[in-house]
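Please read the structure below before turning to the comments.
The values are calculated or read from the model by the stated rules, or taken from the named source; none is laboratory data. If you're wondering where the values come from, they're calculated on a predicted model, not measured in any experiment. No Cβ is skipped: glycine too gets one built from the backbone with ideal geometry, and neighbour counts run over all protein chains shown.
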């Protein structure tokens, strides 16, 4: 092949690449100008929605990300709130001595209270960020930024300050919606967080330390992060874009400048820090905008968040549990408890069922199940695909509204009575009497045997079985007495033992597998 042929081929290849880039540019332009209005209950938010899946060539940013951040920065605001808390003023013990009261004027006031022990008011302040969603002043931020606040101020990028009112808050997702009286404000377009992939470049914008709007860059480190015990419902975007104190409620945007998350927390040292307490460690978390938008819509439309409710306690299915339940791989959520007279019970769901899908969508974990159901409307019907006794079947459940939280009592005390053998060697139990059940405030109908002692060097201890737990099943066989427990353990021999255990400290049951020693 001679040099002229090579030049011709290079020229053709260049033309093809340029044509593809130009065509892609037109397509991106066409998609970016799609917008709509989101209808929520009786309210209609003039929110601009983005459905842009076209990647941005990094060559576009040869001179940096100024073109992305220029329209973003004005839409990110500083929020400073305050609340008054009462603290009891402590006195030295000797001030109560009548001798000292002669000199220091002790005694009671007209209400009969000691003047020195009266509460003293103190004002606490909180600093955070927020994102303007509508031109007339709807602002999205974190609940913990404004929780309990009596006075909320919003500072715009143009130095104007407004007093904000709270439209609604949701502590379970750490989302809050504020409103200021203003017009023609800069806003951010809402992107689609479901389209994010690990490795996507993102920019975090907020007001760290109250020094003014600041932008940092990183990538999406992970999606769907949960189990952090930061919020009630967790589906975090993890990023290494630096998020520092004051960034809470700020924006996480993609290279289109679309809002894809609300910054909420960092991992500081070995503990998670709400609102970025502590220094940045390169592990930050943001609420996906799809979740935040859903919560915002309900707060605006209803004043609260309405969540679907099944009435069961789910548990992750790891590799050892999957083997015990006859599954090919880990995944899904196994039911450990069903609340009487709630939707799951009425639909025939029972403990030991493994939920694999909800409305055709695969369930990967217990948290995944909670999220799917919570995002469903009360009164709607959910189709659950479950495995029961090795068979797959579909069950339809009519969801109800999520009830108020209940607090569990974790107190327990019991003497030793019965020693175990085989796979549960080192475990001692006693019968669960109605008196014990009442003292422990266990749910009505709870049956089983109470664990009174566990050898710390045993396989059961390694599986997290502990004193005060209630063993309810052994290898799918209900435990109703010491005798039924003994028979089930004897039948198990030295094979792995699958236990359904009620953990008072967790407020519910869970399956564990005890491997033979």
Say we look at the range 460-477 and pick out the residues that are assigned to a strand (DSSP E or B) and out of contact with any helix residue (DSSP H, G or I) (no Cβ under 7 Å at 6 or more places or on another chain); which of these is farthest from residue 499 (Cα to Cα)? 470
For the range 487-497, indicate whether the set of residues that are under 28 Å from residue 341 (Cβ atoms), surrounded by 15 or more Cβ atoms within 10 Å (Cβ to Cβ) and touching a strand residue (DSSP E or B) at 6+ places or on another chain (Cβ under 7 Å) is non-empty. no
Residue list for the range 496-517, restricted to those being in a strand (DSSP E or B) and closer than 19 Å to residue 425 by Cβ: 497, 498, 499, 501, 512, 513, 514
Just the residues that are surrounded by 13 or more Cβ atoms within 10 Å (Cβ to Cβ) and over 21 Å from residue 230 (Cβ atoms), please, taken from the range 142-160. 151, 152, 153, 154, 155, 156, 157
Before we move on, is residue 483 assigned by TED's automatic domain parsing to the domain that holds residue 429 and assigned to a strand (DSSP E or B)? no
Check the range 223-236 and report whether any residue there is on the phi > 0 side of the Ramachandran plot and at pLDDT 90 or above. yes
Counting only strands (runs of 3 or more DSSP E) entirely within the range 161-231, those with at least 2 residues that are buried (at least 19 other Cβ atoms within 10 Å of the Cβ) are 165-170, 175-179, 201-206, 214-225
So which of 459, 413 ends up being within 34 Å of the chain's Cα centre (by Cα), outside the structural domain of residue 508 (by TED's automatic domain parsing) and either farther than 25 Å from residue 353 by Cα or at pLDDT 90 or above (or both)? 413
Condition (residue is out of contact with any helix residue (DSSP H, G or I) (no Cβ under 6 Å at 6 or more places or on another chain), modelled with pLDDT of 90 or more, within 15 Å of residue 348 (Cα to Cα) and crowded, with 17+ Cβ neighbours inside 10 Å) applied to the range 388-402: is it met by at least one residue? no
Within the range 125-141, can one find any residue that is at pLDDT below 95, assigned to a strand (DSSP E or B), in contact with a strand residue (DSSP E or B) (Cβ under 9 Å, 6 or more places away or on another chain) and surrounded by fewer than 12 Cβ atoms within 10 Å (Cβ to Cβ)? yes
Would you say residue 290 is over 30 Å from residue 392 (Cα atoms) and at pLDDT 90 or above? yes
